[in-house]
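So the structure is just underneath, and the comments pick up after that.
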Amino acid sequence: MYNKLIDDQVIVYLEEDLVAPNVKAFNEHIDQNYEEMRTHDEIILNMGSVKNIDSIGVTFVISLYKTVTNDGMGFFIADASENVKQLFKLMKLDDLLE
């Protein structure tokens, strides 16, 4: 996981699947970088490398979404695979997809 800053956006690139064994490291990354992230207008979670997502991964996304929007920033998901898009549509979270 790494961040890229573009204008008023922080793009967070996930390089591994969004599954339980990886979520702890993802949370640690967010915790370590969140103070800098919150100085921007939007956070975009780039899921271009994510092939699988489980319930813990979905919980991570929802938690991040709530944190970001409660701080007044925009939150979007970019480059999700068709499988991930379908999952988010089933869960009525497709409005997060960019």
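Sequence-ordered 3J(HN,Hα) estimates for region 80-90 from the Karplus curve with 6.51, -1.76 and 1.60 and θ = phi - 60° stand at 6, 5, 4, 4, 5, 4, 4, 4, 5, 5, 4 Hz, glycine and proline given as x.
With percent of Cα pairs over 15 Å apart defined as stated, name the option among (1) 64; (2) 57; (3) 68 computed from the structure displayed. Working out percent of Cα pairs over 15 Å apart from the coordinates points to (2). In percent, rounded to a whole number, the relative contact order of the chain is 28, using alpha-carbon pairs under 8 Å and six or more apart. In sequence order, region 63-76 has phi-based couplings of 4, 5, 4, 4, 4, 5, 5, 5, 8, x, 9, x, 9, 9 Hz under the Karplus curve 6.51 cos²θ - 1.76 cosθ + 1.60, θ = phi - 60°, and Gly or Pro positions carry x.
In this rough spin-label picture, where each label sits 7 Å from Cα along the Cβ direction, the E82-D7 distance is 3.1 nm. Axis angle, to the nearest 10 degrees, between helix 20-37 and the longest C-alpha principal axis of the chain: 20 degrees. Residues whose amide H falls under 5 Å from that of N46, counting only those 5 or more places apart or on a different chain, are V12, Y13, L14, A78, with hydrogens built in the peptide plane. One Cα centroid belongs to region 51-98, the other to region 17-44; the line between them spans 13 Å. Basic side chains Lys and Arg get +1 at the Cβ, acidic Asp and Glu get -1 at the Cβ, and with that the dipole of region 2-96 about its Cα centre reaches some 360 debye. When both bridge partners sit in region 2-96, DSSP labels roughly 30% of those beta bridges antiparallel.
Rule-based calculations on the coordinates, nothing more; no lab input. As the structure is a prediction and not an experimental result, all values here were calculated from the model. Heads up, the Cβs are rebuilt from the backbone with ideal geometry, glycines too, and the neighbour counts pull from every protein chain shown.
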